[in-house]
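This report concerns only the one structure given below.
None of the figures in this text is laboratory data; all of them are computed from the coordinates on show. Everything numeric here is computed off the predicted structure, so don't read it as measured data. Every residue, glycine as well, gets a Cβ built from its backbone with ideal geometry; the counts of neighbours run over all protein chains shown.
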Amino acid sequence: MSQQQTSADKKTEAVRRCFAAYGGDVSVWPVDMREAFGEMALSDAFARERNEASALDALLGASTTRPPRHDLQNRIIAEISLPGAIISPPKFGLLATLLRPFPAGALAGLGALGVATGFLTATTQFASTPESEAYAYFEYGDVMISEEEVSQWAAE
Amino acid sequence: MVNEQDSDEVLVQRAGRGDKRAAQMLVERHTDKIYAVCFKMLGSQHAAEDATQETFLRLWRSANKWKPAGAKFSTWLYRVAMNLCLDQLRKTKRDAPEEAAPEQIDHAPRPDDTYLAGEKRLIIDEALSALPPRQRLALTLCHFQELTNIEAAQVMEISVDALESLLARGRRTLRDRLTPLREELTGKMSDEPTANISG
């Protein structure tokens, strides 16, 4: 008698634990719990526990997740860098050996050298239309333009 | 050549050998689920996106070392995301002044929100975000992500009993916090369209 009571108490306790942990919908309980206690859990004896747990489930159901921005997947895909897919960098022999100890500094130095060389060696070129030539002369200011010439341009 | 029927485990092994298409399929399969867990844990769209991206970056870094012998691939991926979120929460707590709220929930309204539905969602999300992180994680995995209790316990690296304890404590706290509002909320919501539930 007392053993039977103990077993019943244990079952009752187990059903209460399931409602407390997994909620009021017995169909989503873990399979073993559902098989062991499902029938008992649906009886009137547990109506209060079932209703309370279901009410909380319903409230939780109103919680939503703000969706990610639509490009999240694409951003992740763009960042895929797999160890096996690493392409070895091209070899530059002596230059690579020289630059290896300070790659960032060397890169910055080479960049600066390129910009400086560009400035020093560049020659100013203008499109060869009469109008652009005129503006160029205006800009550099060492050509005087007479009123006649202006009238002539206007006539053209 | 990968195909849609390949298991995650096959795909991650292929990705580990440099197969970009396999990696892409893993992203397509798991991004939404990982993002949803991160959002529930961190409460902000921006932080959740960052954590999701970082989860995949860690995957690419260790894809060639992944062994199918242990847990399922999805369990492993959830675990990486979980650890990133818990780290982030610890960092936020450490950096925040003591009186500040532990997390800021992203309350930007959704286009389908009516005022009252949005209000209800806000109260519930705040109650969820106020739970201790491990209780919130247990609820997120079991209730919102619908993982089995065994899978959720594996993700969290705890026993099923410990998981049940976290779930029960989390639900009890939520019930206590939300019960005074339940009638009011239910009354207010009776004419409102219910927001889609899902995590």
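Overview of values
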quantity: Label point distance in nm, A:R48-B:K93, each placed 7 Å from Cα along Cα→Cβ; calculated: 3.5 nm
quantity: Measure of compaction for the stretch A:11-78 (Cα Rg per 2.2 N^0.38 Å); calculated: 1.61
quantity: Length gained when the stretch B:R177-B:K65 is fully extended (0.36 nm per residue, less Cα-Cα span); calculated: 35.8 nm
quantity: Shape parameters for the stretch B:1-105, alpha-carbon atoms, Rg then Dmax in Å; calculated: 15.5, 55
quantity: Furthest towards positive pole of dipole, B:S62, B:N83, B:M41, structure part the stretch B:1-105, Cβ charges; calculated: B:S62
quantity: Two-site FRET efficiency, A:S27 against A:A108, from Cβ-Cβ distance with R₀ of 41 Å, rounded to 0.05; calculated: 0.05
quantity: Cβ-derived FRET efficiency at R0 41 Å, A:I77 paired with A:T117, nearest 0.05; calculated: 0.55
quantity: Ordering of A:111-122, B:133-144 by packing [mean C-beta count within 10 Å, highest first]; calculated: B:133-144, A:111-122
